[in-house]
Every structure is written in C-alpha cells, then in structure tokens.
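In what follows, a structure is listed as structure tokens, so that the remarks can point back to it.
The values are calculated or read from the model by the stated rules, or taken from the named source; none is laboratory data. Since we're looking at a predicted model, the values are computed, not measured. FYI the Cβ positions are ideal-geometry reconstructions off the backbone, even for glycines, and counts take in every protein chain you see. These area figures cover heavy atoms from the full protein model, side chains too; ligands, DNA and RNA do not enter into them. Shrake-Rupley method; radii C 1.70, N 1.55, O 1.52, S 1.80 Å.
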Amino acid sequence: MTPAEQLCLACGLCCDGTLFHHVRLEPGDDAAKLKALGLPVRTSRGATPVTRFRQPCAALCADRSCRLYADRPGQCRSFECGVFQDVRAGRMEAGAALRLVKQARRQADDVRRLLRALGDTDEHHAMNERFRRTKRRLEAGGADPADMDTFAELSLAMHHLSLLTIDKFYTKAGAK
Ligand code: SF4
Ligand code: SF4
C-alpha cells in the first residue's frame, strides 16, 4: 500500500459527510448493484435526473475502510483530495499529511459535538446540511441565549473547518 493510500485509511473525510453530501453516479456505474450492496441510491425527478447516494456513506466502516472497495463507483475511484495528490507527487511528507488529516478530523468532530449539543442528533446527514437546518431552526426563533452562544461556537468551528478543507482538501476538479 502506498503512503497516500495509507493516509485514506486514517481519514475518510471524503466519505463521512465532512467534505461532500452526495456521491453522484456516472455512466458505467451499476446503480442496481450498488443499491443491492446497501447504498441508498436514488434518482431525482425533473428534466435532468441525477442518480446519487448520500453521505455519510453507508459503506464506510469504523476503521475508515470502504466495505465496497472493489465495487465502489467511478467518482470514488477518481477522487483524490489535495493532500492525497501532494503525498502521491512527493510534495508533502506522509507525516505532515497525517497531521493535517488528524487536525481536520478533530475539527469535524468538534462541529458534530456542537450540533449534537444543539439537538441535531441525526448523524445520517452531511455536516453542511446539518449546520444549515440547525441555523434555520434557531433563526426561526425561540432559542435560549445559551443555545445562541453554542451556535456562535458552532459557526466559528464550521468556519475554521471550511478554511482548512478549502485550502488543503478540495481540488478544482474535485467532486464526488
Ligand atoms: S479526503 Fe483525501 S486523504 Fe481523506 S480519504 Fe479522501 S482522498 Fe483520502
Ligand atoms: S462507496 Fe466507499 S469510497 Fe465511495 S463514498 Fe462510500 S465508503 Fe467512500
């Protein structure tokens, strides 16, 4: 296993709802097979239907490996975050990359902790979706001052995580 591949097993941020909220299927992906393997594949209605499944991914294991690695869809095969690309190209030491991954995971855990503290305990949605719905709920009124303090903390944690992921993880071509 290459150092870049080892990094992914310590990470999982592109599968756990931190970086993306869906994985879009491509021509060549077998939607029926992926569905049978346990992925909640759905096709949207409308003029340009999109077939996709949501994150956090149902195939992501507790050890950050992919349960469907051999059958994973095309977007999962082709996506390489900025950190992965830097390690693979020798522009970043594996140790430095691991520290970045650990930092991002710590920050993401912090965001999830604050979301739970504000009553958003449904972990089956991506982080951005959870943040937006929590924001809508609190802005609709009725939140007590302690919750608004926690929300301020959450907004700051989201901001810091976004700065890190935009700087180090997202790539111009990168979308799952
Ligand atoms: S975000 Fe990057 S390092 Fe992390 S699992 Fe995805 S490709 Fe690998
Ligand atoms: S199928 Fe595997 S690689 Fe793709 S998002 Fe799910 S866990 Fe990640």
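A few points about this structure:
- Placing +1 on the Cβ of every Lys and Arg and -1 on the Cβ of every Asp and Glu, with no other charges, gives region 18-70 a dipole of roughly 200 debye about its Cα centre.
- One chain, two ends: Arg113 and Ala152. Fully extended at 0.36 nm per residue, the span grows by 12.7 nm beyond their Cα-Cα distance.
- Burial ranking of peptide ranges 15-25, 116-126 (average Cβ count within 10 Å, highest at the top): 15-25, 116-126
- Computed helical MRE - 222 nm, the chain, DSSP H runs ≥ 4 contributing -39500 (n - 2.57), nearest 500: -15500 deg cm²/dmol
- Taking a ≥ b ≥ c as the square roots of the eigenvalues of the Cα gyration tensor, region 76-141 is prolate, since a/c reaches 1.5 or more and a/b is larger than b/c.
- Taken about its Cα centre, the chain carries a charge dipole of roughly 460 debye when the Cβ of each Lys and Arg holds +1 and the Cβ of each Asp and Glu holds -1.
- Cβ-derived FRET efficiency at R0 25 Å, Ala70 paired with Gln103, nearest 0.05: 0.20
- Ordering 40-52, 71-83, 129-141 by mean Cβ neighbour count within 10 Å, with the highest value first, yields 71-83, 129-141, 40-52.
- Computed with a 1.4 Å probe over protein heavy atoms only, the accessible area of Met92 comes to about 40 Å².
- Considered as an equivalent ellipsoid built on the Cα gyration tensor, the chain has semi-axes of 28, 23, 14 Å, the largest given first.
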